[in-house]
1. Calculate the spin-label point distance for A186 paired with A252, positioning each point 7 Å from the Cα along the beta-carbon direction, and give it in nanometres.
2. If I model a spin label as a point 7 Å beyond the Cα along the Cα-Cβ vector, how far apart are those points for L339 and D176 in nm?
3. Sort 443-456, 222-235 by packing, meaning the average of other beta carbons within 10 Å per residue, with the highest value first.
4. For A318 and R301 in the same chain, what is the full-extension length gain: residue separation times 0.36 nm, less their Cα-Cα distance, in nm?
5. Could you pull out which residues in the range 338-376 have an amide N less than 16 Å from a spot 7 Å beyond the Cα of L432, following the Cα-Cβ vector?
6. Taking the DSSP beta bridges in the chain as the whole, what percent of them are antiparallel, to the nearest 5?
7. How charged is the neighbourhood of G222? Take every other residue with its Cβ under 15 Å from the Cβ of G222, and add Lys/Arg as +1 and Asp/Glu as -1.
8. FRET efficiency for A60 and H198, Cβ-Cβ distance as r, R0 = 56 Å, nearest 0.05?
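Just so it is clear, none of the values below were taken in a lab; they were calculated from the coordinates. Just so you know, these numbers come straight off a predicted model, no measurement behind them. All Cβ positions, glycine included, derive from the backbone under ideal geometry; neighbour counts span all protein chains shown.
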Amino acid sequence: MVLTDGWPLVGRRAETDRFVERFLHGDATRLVLYGAPGVGKTRLADRFLELAEQAGAPTARVVASRAAASLPLGALAPVLPPDLEMSSTPAELLARAAAEVAARTGGPPLLLLVDDAHLLDSSSAVLLTQLVEQGALRLIATVRADGDAIDPGAPDAVAGWWRQPGADRVDVADLDEATTAELLAAALGSPVGRDTVHRLHRASGGNPLLLRELVREARSAGHLRDDSGTWQVVGDVLPSRRLRDLLADRLAGLDPTWRDLLEVLALCGPLGPAELGIDQDAPALAGLERSGLVRTAGDGRRLQVALAHPLTGEVLRAEQTALARRSRLLATADRVEALGARRREDPRRIATWRLDAGGRPDPELVLSAAHVARFAHDFVQVERLARVRLDDGASLAASVLLGEALYELGSFDEAEAVLAVPPAPADADPALLVRRAAVRAKNLQWGRGDWPGALAVIDEARAQLDGPLADELRTEEASVLMFSGSPQAAIDVLASI
């Protein structure tokens with residue numbers, strides 16, 4: 001079964017088997033497909049309706065909308081008699097509509113698909129409930145998840161559909177990475193590279209609608225290419241304007257408390273509940289998780305909260321004013337500091353947030369943050385933080401970090417210019433002198449192909465040191481000799497230690 005745009009239905013075998021067992025072979029009268037926007041509720045419901053048609057059941061389909069909800073029974077107009085008197089009282093209208101539909105079905109009960117049932121007007125919801133209870137109708141409905149239950153604008157009758165006898169509720173979830181790979185391969189017609197699957201799944205969160213829009217935009221921009229029979233992403237996975245609009249529509253109308261938490265996570269996440277300024281059992285956090293907008297995970301003894309879809313973060317960041325961003329960044333930095341900033345990653349997070357807010361963090365905090373970034377191999381951030389620290393005055397530690405970052409990022413000449421500056425005597429810590437010489441020699445050796453220069457740097461530094469630190473530089477010298485084509489000389493150096 002293929003969508004009009006060529007995308008197949010995959011990963012829903014369990015849900016389909018459940019429909020066949022409960023609805024086609026069983027006595028279920030209501031089936032509610034419940035889930036977040038874009039997970040494929042409508043796609044799955046259409047498949048169920050098709051299976052019912054193949055089994056000989058009479059079927060019909062209606063779509064609820066906010067516009068149709070402005071009229072009593074507006075969404076059900078396609079299946080109601082055209083001469084139904086809409087000027088009747090609500091009770092008379094419901095009674096006649098129920099009688100007309102029951103009389104029209106005659107044989108087996110009509111199987112009606114109501115898409116976006118949470119948008120039904122109250123009269124339509126009550127009528128459908130009556131028809132099901134009379135045995136004149138069986139119902140498949142798609143209902144949008146929003147917070148603790150369903151869309152807050154949904155009629156009470158819809159909210160109670162899956163709690164009645166003969167009802168079944170199917171929670172339609174996002175796709176896992178393996179199913180995402182299967183869907184991409186089926187939609188694109190050939191295998192998709194593992195890294196590409198991972199990037200697309202991470203960007204979409206496994207949401208089929210977001211995934212489809214990402215693929216459409218990536219192909220249009222030339223970023224998703226068939227490379228000898230395997231699809232690969234080249235460049236960034238960026239959301240299209242249409243995709244941003246879809247995400248913005250989902251976020252519209254959120255409770256202000258929920259929205260504020262999401263905007264903080266978009267700037268600073270993942271965060272713990274205390275770092276968000278809420279309790280772990282806060283209703284807002286539980287609601288956001290149930291809505292599929294955030295995900296929580298254990299990190300040791302801590303709970304971490306993150307946005308479920310990275311693309312949601314892009315939309316939220318784009319919609320925040322500069323003043324709002326600054327306020328949230330600084331408030332989050334203050335909260336983490338007030339909690340003690342006990343985690344190894346905290347200096348990096350706090351310094352980055354304060355810099356992003358346009359502030360000037362404490363120089364020692366910035367240096368600590370650069371060290372954390374270096375251990376994480378995030379050399380882009382190491383470069384940024386080390387430069388900020390050096391703007392506040394000379395620092396051999398910051399110079400070494402900057403030189404190493406520039407080397408790792410391929411800026412070999414600039415790395416040499418930074419590392420060649422002699423340190424101030426008061427800043428010449430012996431261990432840092434060893435580190436400076438080792439990084440500078442590596443840059444000269446591998447970045448600039450200057451083997452003699454690398455050996456000269458090591459000799460110069462070793463002349464200022466003795467003991468274990470001097471021996472450490474001897475091992476660096478042996479490494480340069482080995483890879484410059486002098487293995488025996490390298491062995492001799494190691495033997496002399």
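1. Result: 3.2 nm between the two label points.
2. Here the answer is 3.0 nm between the modelled labels.
3. So the order, starting with the most tightly packed, is 443-456, 222-235.
4. So the extension gain works out to 2.8 nm.
5. 363-372
6. Of those bridges, close to 40 percent are antiparallel.
7. Residues close to G222 contribute a combined charge of -1.
8. Values: r = 42 Å, r/R0 = 0.75.
Efficiency, rounded to the nearest 0.05: 0.85.
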